[in-house]
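Working notes, structure below.
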Amino acid sequence: MFILPVFVICLVLAVLSTSTVVPVMLTGQKPTFLKILKNQIGLESIDKTLWQGHTARIVREYDTFCHCDCYFCRSSLYGVQLIIKVVLGNVFAVSYYNNPIKPEVIMRRLLLLVLPCSILLAQNPRIPKDAMTGYKAITAKSLSARLHFIAAPELEGRETTFRGQKIAARYIASEFQRLGLKPIGDSGSYFQRFNVEATKVSETSHITVTNKSGRSSYSFRSDFLALSGRENEISGPVLFIGHMDTEVDSSLTKGRIVVALAGRREDARDTSVIPIRRVQSVRQFPGSLATLVIADDTGAGSVAQLNARFGQMIERGVMQVVGPQARAPRGSSFPVLIAPSLANAILSETGKSLAQLRAAAFEDAGFAPASLNQTSLSIDLRNAKELKTTENVIGFLEGSDPQLKQEVVVFTAHYDHIGVAANGNIYHGADDDGSGTVTVIELAQAFASNPVRPKRSLVFMTVVGEEKGLWGSDWYVKHPVIPLEKTIANLNIDMIGRMDKKYEEMKNPDYVYVIGSDKISTQLDSVLKLSNKESENIVLDYTYNDDKDPNQFYRRSDHYNFAKNGVPIVFFFTGVHDDYHKVTDTVDKILFERMERIVRLIYHTGWKVANKKGGLAKNVGSTMFGK
């Protein structure tokens, strides 16, 4: 290899610097050898200042000198010249200015001469020649170009079934087509489609109050809010219980519509409690017909402000996948919220205003529920339904081995996000999971451009509906294009573009959280570790791999549906940051240089898995939850 000659040259020159140059210095003459170096390799100057910050300068100037993004170029003749210029030049400069030279100084110089060689060794990845073209094809520049499109305002947050998601799907499919991937979706396309039913409360919904004063009707959106309704009208007497955490005998709630103040009694005047948390604290009362929560008079917990904040969500309704094997929608804790004007009408039978009842319920820990037998409510929440279609995007790259190409390694990321806020601000989702989406495309390009194909076939899939409840991956494992028994592994990428607070404080961007790699097959974890050692050698952090981790990230991204079906998985993740699920998750904050390293690691891991003899042995007695 090239490293040994460099080391020998450095060592010889070090000896010369102590045996030949020093005696010359003692005579007061400038070292002749330096003149030779200056003439032959263009050493511009020998100066004390070259020595300042020598270690950082060596690394910085060394990386800057070679503009080719190639580790082998960094071990070329340019490297030799730079080592001589920066390291040897500095050593001789110090020799010139330090007279006499002590033995410990000589040892420090020798150590400095060896340092560049160790840097070369550390930066020289042991990627197989057959995989090198694809490895080098992964670049920060390419990742940036793709993500600037995926996270652009024109894609409107890529919410499932909406315009921006459709644009993103067609862009990804066009990239797969350009790269020559085989379409294996529906009807020879790149799309695996499934139906989604969107249900929202109809604008004709209303609540009617009947009491001694007569009959009054109240309108949806202005007087009350709800995310979903029933297809039948609910009528019954009222039970006012005070705060939501009031102890109530089930005999009182049976057959009644429960009306409650938002939240727990102890939180009623605690300004540190977020208003939306209070209004979402809803209990189920045995035998009750429905529960109405009284919103705040003003502020973030009022009907007016909640309508402004969640208007888009209310308008879009609640979605769920259609079909006998469909996954149930995530439960919503968004209750039926009523405005104080409606609450006052309902509670007028008590002879007290809402303000008086609030004060009484707060001051009396033993507040007694009030049955309003002369007041009746009729709640007519009608649904408006819309059938919509969404899609996973799938591309296939056939393997080179006649037998093993029947098996696949699947790369996944979700390309959907959470859309547009009620005020029109866009949730760009650059990191979540634009970073994973462009990684899958980049990996597809890397493998497709590599002259040598891996033995096994590869599937590149961007899934939809992750933000709704892992819909796309759930649909795929229930309707796999390639049988799951032929799926060797799933490498899933979700949020690898940023740093979390832990590593920000450490000022170390060169890490990735690894989740699930040993839960089904420890062999997969071993391949990952070896791949890292041979390529990028970044920190593999297993913090969130703990089954007892409170964040439960193992269950929160699309790999989980593969794991539940016994497919070995790795989930690549760089942690949560302050912009998570906010409109500030934008492309300008993505660390593309660091991201390039992680994507190259994933590429090399995928290459090794796709070429591994015998596949990946599964752990004896393993489950999706642990070893």
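Observations, loosely collected:
- Of the residues making up segment 246-283, those that are among the charged types (D, E, K, R), free of Cβ contacts under 8 Å to residues at least 24 places away in the same chain and assigned to a loop (DSSP other than H, G, I, E, B) number 4.
- Pair list, Cβ under 9 Å, 6 or more apart: segment 130-142 residue open to solvent by 30 Å² or more (accessible area, probe 1.4 Å), other residue basic (Lys, Arg): 136/600
- Taking segment 298-317 as the range and being open to solvent by 50 Å² or more (accessible area, probe 1.4 Å) and at pLDDT 85 or above as the test, the residues that pass are 298, 300, 304, 305.
Per-residue answers, yes or no, for (1) closer than 22 Å to residue 148 by Cβ; (2) out of contact with any His (no Cβ under 7 Å at 6 or more places or on another chain); (3) of a type in the set (A, V, I, L, M); (4) assigned to a loop (DSSP other than H, G, I, E, B):
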{"site": "544", "(1), (2), (3), (4)": "no, yes, no, no"}
{"site": "548", "(1), (2), (3), (4)": "no, yes, no, yes"}
{"site": "566", "(1), (2), (3), (4)": "no, yes, no, yes"}
{"site": "597", "(1), (2), (3), (4)": "yes, yes, no, no"}
{"site": "603", "(1), (2), (3), (4)": "yes, yes, no, no"}
{"site": "614", "(1), (2), (3), (4)": "no, yes, no, yes"}
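- Residues of segment 488-527 satisfying the condition of being closer than 20 Å to residue 566 by Cβ and outside any strand (DSSP E or B): 516, 517, 518, 519, 520, 521, 522, 523, 524, 525, 526, 527
- Looking across segment 444-465 at every residue that is open to solvent by 10 Å² or more (accessible area, probe 1.4 Å) and out of contact with any Asp or Glu (no Cβ under 6 Å at 6 or more places or on another chain), the one that is farthest from residue 181 (Cα to Cα) is identified as 451.
- Of all residues in segment 473-482, one or more are open to solvent by 10 Å² or more (accessible area, probe 1.4 Å), over 26 Å from residue 578 (Cβ atoms) and either free of Cβ contacts under 8 Å to residues at least 24 places away in the same chain or under 15 Å from the mean Cα position of the chain (by Cα) (or both).
- Some residue of segment 155-163 being touching a residue at least 40 places away in the same chain (Cβ under 8 Å), open to solvent by 10 Å² or more (accessible area, probe 1.4 Å), in a helix (DSSP H, G or I) and under 28 Å from residue 307 (Cα atoms): yes
- Residue in segment 193-208 that is among the polar types (S, T, N, Q), more than 24 Å from residue 385 (Cα to Cα) and open to solvent by 50 Å² or more (accessible area, probe 1.4 Å) present: no
- Of all residues in segment 257-297 being over 28 Å from residue 378 (Cβ atoms) and among the hydroxyl-bearing types (Ser, Thr, Tyr), the one that is least open to solvent (accessible area, probe 1.4 Å): 272
- Taking the criterion of being part of a loop (DSSP other than H, G, I, E, B) and either within 30 Å of residue 484 (Cβ to Cβ) or open to solvent by 50 Å² or more (accessible area, probe 1.4 Å) (or both), the residues of segment 568-582 that qualify are 568, 574, 575, 576, 578, 580, 581, 582.
Per-residue answers, yes or no, for (1) open to solvent by less than 30 Å² (accessible area, probe 1.4 Å); (2) under 20 Å from residue 431 (Cα atoms):
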residue	(1), (2)
566	yes, no
589	no, yes
604	yes, no
608	no, no
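- A single entry from 491, 528 fulfils the requirement of being more than 18 Å from the chain's Cα centre (by Cα), open to solvent by less than 10 Å² (accessible area, probe 1.4 Å), closer than 21 Å to residue 433 by Cβ and modelled with pLDDT of 95 or more: 528.
The values are calculated or read from the model by the stated rules, or taken from the named source; none is laboratory data. Here the structure is a predicted model, which means the values were calculated and not measured. Here the Cβ is made from the backbone with ideal geometry for all residues, glycine too, and neighbour counts use every protein chain on show. Surface areas here come from the heavy atoms of the whole protein model, side chains and all, with no ligands, DNA or RNA. Shrake-Rupley method; radii C 1.70, N 1.55, O 1.52, S 1.80 Å.
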